[in-house]
Every structure is written in structure tokens, then in C-alpha cells.
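Report on one structure; see the data block that follows.
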Amino acid sequence: MTEQKNLKAYAAWITICIIWGTTYLAIKIGVEDFPPVLFAGIRWLVAGPILIAIMWMRGYKFPERGDLIHLGIVGILLLGFGNVLVVVAEQYISSGLTSLIITTTPFWMVLFEKFMYKKGRINKFVIGGLLLGLAGVVLIFSHDMDTVFKGSFFIGAAALLVAVIGWANGTLYSKYKKVSVDPLMGAAFQMFIAGVILTLLGLSIGEYSYIKATDAGLYSLLYLIVFGSLIGYTSYIYAVAHLPISLVSTYAYINPVIAVFLGWLVLSEPLNIQLVLGGIVILLGVWMVKKGAH
């Protein structure tokens, strides 16, 4: 049974490595038509009840009243801060640079896990793998580095800094604060709680008046609901519950490779030797972190 769970957990990790790399493009398209808070809120408000219904029909119990507080905290940290601020940031900076900054997530996870939870392993393989992964991503995006301190980039970067800190803490809280409900049912309630809060916030600040319902925006929202939320987020929660944080967090190094490829395919961005070399370096870093985590 344990071996089967591990296989499912690794499959979940591979899923988020691939799928979440595509969501940067979907978000970039979506924020052209939807204001950021409502865009994120509607996504989770729709996905949450769908997953709750699916899990309930499969015989999983609802969370107990005491669990709802902890699930709400995770939902607010991961989705209220971690996700919505990424959406906010992509109003100001490119999806590629967004994915670059998100690669700092493993550093925060490893540090918070070690010093706040007194857990996790930090050794030469983990440190070397994290640094190597970051170096690979920097190599890929080095041609964009001259834009870092120009225009409104700082606003986007500040939003992403808060996002990655919120995401790291939400991930660790989810891992170490145990609740008496299946992780996927818990994820469904996290989505729903965050979706309600974000939607109400978006409505209260008048974002509804800025919605432009085009086909591109609606398709991007639908894609994020199905793939980014129902498949991607549930895979993430499952992987966090069954694999070392240092390994799970390496998805942030693989996502930019997908994001760059889609930028080339959809937006005709250049595909050059930097991408190839950077991808090789990133995969080597993932292997080192995986080795050090066991």
C-alpha cells in the first residue's frame, strides 16, 4: 500500500511539474479580460464545489468543524496570497519573468521547514540542487534581466515575493497540521473557502465593472478551473502529503521550461541554446534534490 501511495505521489508531482507550467500563459491571457481578484476567485469558487461533489459521491466524508479553520488557513495562504498575487503580478510583468521569480519558492520552503518546523533535511545535495536549479532558470531568462528595475516591474516583483512566502508557509502548514479528512476533500474545501473570500473581495472593490467576457478570457478561465485547479491543485496537495517538501518544491524549476516553450509556440518568443542548456541544468538540479531528500 505504501509503495502504491508513493507511485501516486510521484505521478502527482510530475503532473504539477507539467500542468502548472502551462498556467502562466493562461493567466496572462485571462487578466486581459478579467480583473485579478475576481479572476482568481471565480476559478476557485467553481472548482471547489465540483471537487466536493466528486469526493462526496465517491464516499469521502466532509471535514469536521474544527478542521474547517485549518483548511481555511491553508486556502488563504496558498490561494488567497500564493495564487491571487501571481495573477496581480502578471498585469505588470511577463509570464516568463513571473515563473523565474516563483523559482525562489523552494528556498523559502526549505528554510521555513528547517527553522520553523525543525523538520526536513538540508545537506550538500539539497543545497547544490536548489542552487543548480536556480542557475538553470537564470540562464534561461538572462536575456530579460535588464528589465528587472524598469517600469512597473517592482510592483509585480513585490506581489510575487509575498506570493511565494504565502505559498511556502501554506504548503508547510498543510503538511504538518494534520486534519481528519482525506487530503483531496481537504483541498476541495480549501478551494471553496478561498473562492468565496476572493470573490466577495473582488465584488466589494468593484472589479465586476472591469470584466470583458471574450472567448479567449473565458477559455483561459475554463482551462485554469479544470487543469490548474481540479487536476493541478489536487495533485499538489496529494504530493505534499506523501513526498518530502524539498522534492515537491522542485516543480518550480520545471514549470519555467514549459512556460518558455509555450511562449515560443504561442507568442513566437525566441527558442535558443539558452533554453536547452538551462533545461539540462534544471533537470540535474531536480535529480540532486531528489537524491538529497532521501
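Each residue in PHE62, PHE261, PHE192 was given a count of other beta-carbon atoms within 10 angstrom of its own, and listing them fewest first yields PHE62, PHE261, PHE192. I'd like the distance between the alpha-carbon centres of segment 157-176 and segment 1-60, rounded to an integer number of Å. Cα centroid to Cα centroid, the span is 17 Å. When the charge dipole of the chain is built from unit charges on Cβ atoms (+1 for Lys and Arg, -1 for Asp and Glu) and taken about the Cα centre, the candidate among PHE115, LEU222, ILE14 whose Cα reaches farthest toward its positive end is PHE115. Structural descriptor for the chain: relative contact order 43 percent, calculated from alpha carbon pairs under 8 angstrom and at least 6 residues apart.
Distance between the pseudo-spin-label points of LYS124 and ALA11 (7 Å out from Cα toward the beta carbon): 3.7 nm.
Within segment 57-125, the GluC sites (Glu not before Pro) that combine a DSSP coil assignment with at most 10 other C-beta atoms in a 10 angstrom radius are GLU64. A helix-only calculation puts the chain at -23500 deg cm²/dmol for mean residue ellipticity at 222 nm, using -39500 (n - 2.57) for each DSSP H run of at least four residues, averaged over all residues.
Annotation: the residues ARG58, ARG43, sorted from fewest to most other C-beta atoms within 10 Å of their own C-beta, follow the order ARG58, ARG43. For segment 66-109, what class follows from the C-alpha gyration tensor (a ≥ b ≥ c being the square roots of its eigenvalues): rounded when a/c is under 1.5, otherwise prolate if a/b is larger than b/c, else oblate? Oblate shape, in that a/c is at least 1.5 and b/c is the bigger or equal ratio. Taking a ≥ b ≥ c as the square roots of the Cα gyration tensor eigenvalues, with a/c under 1.5 meaning rounded and otherwise prolate when a/b beats b/c, else oblate, which class fits segment 1-150? Oblate, since a/c reaches 1.5 and b/c is not below a/b.
The charge dipole of the chain, taken about the Cα centre with unit charges on the Cβ atoms of Lys, Arg (+1) and Asp, Glu (-1), comes to about 1140 debye, rounded to the nearest 20.
FYI, it's all coordinate maths here, none of it is from the lab. What you are looking at is a predicted structure, and each value in this text was computed from that prediction instead of being measured. All Cβ positions, glycine included, derive from the backbone under ideal geometry; neighbour counts span all protein chains shown.
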